[in-house]
Amino acid sequence: MVAIQGKKGFSLVELVIVMAVIALIMSIAIPNFRSMQQEGSLTKAEGDLDTLKIAISSYWRGNAQAYPANIHTALTGATPSVITKVLTDPWVTDATNVTYGYTKGTDATFGDYFFLYTKGPKADTAPAWDATNQRVNYTGTGRVVSNAPVLKN
C-alpha cells in the first residue's frame, strides 16, 4: 500500500479480497441456514400432525365413534374443547384453512380410517387410501399420519 503523507486507508485490491472472502462465507452459510429452516418446519409439522392425530382420536371417543367432518371447526369448537386453535401448516396444504390436509373414509375391510398430511417443502405429497392393502400410501417430502398403517413409497 502506497501511503500518501497523512492519509491511511485500504487499497482497492484489499477491499476486493475482503469482499470475496465475505461472499464465500455467505455462499456456504445461506444454503445451510435454509436447510435448517426446512428441518425445523418438518419437525413442527410432525409434532402438529401427531397432536392432530391424538385430537381426532379423542374426538372419535367423545362423538359416537365418528371422525370429524373437518379438523378446522370440529376440533376447535368441540365441547369439551379438543384443541384451542387451528394448527397452521408451514406449507399450507389446505389453502382454504391454512392448515394440514385431512381425509376420512370407510373401507369395507378396514372400517373407518383417516389420514392427516402436509405436502412438504417441495409440495409433492398427496397420500391416497390403498383399499387392497388397507393402508395409506404416499411419496414425496411431506409427512403423513393415520389411524391405519402408512407406507412411504
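The values are calculated or read from the model by the stated rules, or taken from the named source; none is laboratory data. Keep in mind that this is a model prediction, so the values were computed, not measured. Ideal geometry is used to build each Cβ from the backbone, glycine not excepted, and the neighbour counts take in all protein chains shown.
Brief remarks on what is shown
- Unmet requirement for residue 80, which otherwise passes all of (1) farther than 25 Å from residue 123 by Cβ; (2) under 24 Å from the mean Cα position of the chain (by Cα); (3) exposed (fewer than 14 other Cβ atoms within 10 Å of the Cβ): (2)
- Subset of the range 54-69 that is of a type in the set (S, T, N, Q) and closer than 12 Å to residue 80 by Cα - its residue that is modelled with the lowest pLDDT: 63
- Verdict on residue 113 being among the hydroxyl-bearing types (Ser, Thr, Tyr) and under 19 Å from the mean Cα position of the chain (by Cα): no
- Residue 24 under 15 Å from residue 90 (Cα atoms) and surrounded by 10 or more Cβ atoms within 10 Å (Cβ to Cβ): no
- Residue match in the range 83-106 (condition: in contact (Cβ under 8 Å) with a residue 60 or more places away in the chain, in contact with a strand residue (DSSP E or B) (Cβ under 8 Å, 6 or more places away or on another chain) and closer than 23 Å to residue 130 by Cβ): no
- Spans of strands (runs of 3 or more DSSP E) in the range 44-153 with at least 2 residues touching a Lys or Arg at 6+ places or on another chain (Cβ under 9 Å): 111-118, 135-138, 143-146, 150-152
- Test: residue in the range 119-135 that is closer than 16 Å to residue 50 by Cα, of a type outside the set (A, V, I, L, M, F, W, C), free of Cβ contacts under 8 Å to residues at least 40 places away in the same chain and surrounded by fewer than 21 Cβ atoms within 10 Å (Cβ to Cβ): no
- Pairs with Cβ under 7 Å, 6+ apart, first in the range 58-72 and closer than 16 Å to residue 106 by Cβ, second among the small types (Gly, Ala, Ser) and not in a loop (DSSP other than H, G, I, E, B): 68/74
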